[in-house]
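Report on the structure given below.
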Amino acid sequence: LAKTTQPISMDSYEGQEVNITCSHNNIATNDYITWYQQFPSQGPRFIIQGYKTKVTNEVASLFIPADRKSSTLSLPRVSLSDTAVYYCLVVGNYGQNFVFGPGTRLSVLP
Amino acid sequence: DSGVTQTPKHLITATGQRVTLRCSPRSGDLSVYWYQQSLDQGLQFLIQYYNGEERAKGNILERFSAQQFPDLHSELNLSSLELGDSALYFCASSVESKRALNEQFFGPGTRLTVL
């Protein structure tokens, strides 16, 4: 299983762009990078998933360099409601265990 | 609302007791996952079932067991409870299992307190 490393916490202000980077040095060829968001006392919620280059959806963008040893989740113009824990996961195509690391606790300040 | 339901929402019990947590997956989802989240351990994957069969096992204690029924709902049984079992237990479901890329939809969780 590819181990991921991400910052424990980050602070930002409303309206700013937030970039959270995740390292996954031993990612395998068939692995995808997936991000989940979790609010207190709620289950995690899928944000975005990608394999290489850039993926964008209505809430976030995911940037993956060519060597795929890291990835960056980009949240445009964050609001107070984006305060949450963000988890980076590396998931194999036929993988089994979903390993959630400690995540990054993002605090958005007014 | 993810479409995944879990009961009960809260459960308070004593050490040594046994409890059963129930999960109903989203309509059409064949795969069910169980997770434990405690303050000091983060979100830990316990076990996964696909269409009634165990598919993957994570950090699940021998005192814990689970099953998925023909109607696809799942139950997590926790026995000989200890204080350290106090945690939030989440159930998640996804469309299928063989492709682990499927997005998981999480339920609201069951908060277990062991006194």
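Quick notes on this one:
- In loop segments of the stretch B:25-87 as defined by DSSP, the trypsin sites (Lys or Arg not before Pro) with at most 14 further C-beta atoms inside 10 Å of their C-beta are B:Arg63.
- Sum of side-chain charges, A:Tyr51 neighbourhood, beta-carbon under 12 Å (Lys, Arg +1; Asp, Glu -1): +2
- Ordering A:Gly15, B:Ala56, B:Gln37 by the projection of their Cα atoms onto the charge dipole of the protein assembly as shown, which places +1 on the Cβ of Lys and Arg and -1 on the Cβ of Asp and Glu, puts B:Ala56 at the extreme positive end.
- Of A:Ser81, A:Gly92, A:Ala66, farthest towards positive along the dipole that unit charges on Lys, Arg, Asp, Glu beta carbons give the stretch A:49-92: A:Ala66
- Using only side-chain charges placed at the Cβ, +1 for Lys and Arg and -1 for Asp and Glu, the dipole size of chain B relative to its Cα centre rounds to 40 debye.
- Electrostatic dipole magnitude of chain A [Cβ: Lys, Arg +1; Asp, Glu -1; Cα centre; debye, to 20]: 280
- Fraction of accessible area attributable to carbon and sulfur, the stretch A:31-87 (%, probe 1.4 Å): 54
- Remark: accessible area buried at the A-B interface is about 1700 Å², both chains counted, probe radius 1.4 Å.
- Accessible surface, 1.4 Å probe, highest first, among residues A:Asp11, B:Asp85, A:Asp82: A:Asp11, A:Asp82, B:Asp85
- Neighbourhood net charge (13 Å Cβ-Cβ; Lys/Arg +1, Asp/Glu -1) for B:Leu81: 0
- A cut-off under 12 angstrom between Cβ atoms defines the neighbours of A:Leu89, and their net charge, with Lys, Arg +1 and Asp, Glu -1, is -1.
The values are calculated or read from the model by the stated rules, or taken from the named source; none is laboratory data. In this text, all values refer to a predicted model and were calculated from it rather than measured experimentally. Cβ atoms come from the backbone with ideal geometry, glycine included; neighbour counts cover every protein chain shown. SASA here: full protein model, heavy atoms, side chains in, ligands and nucleic acids out. Shrake-Rupley method; radii C 1.70, N 1.55, O 1.52, S 1.80 Å.
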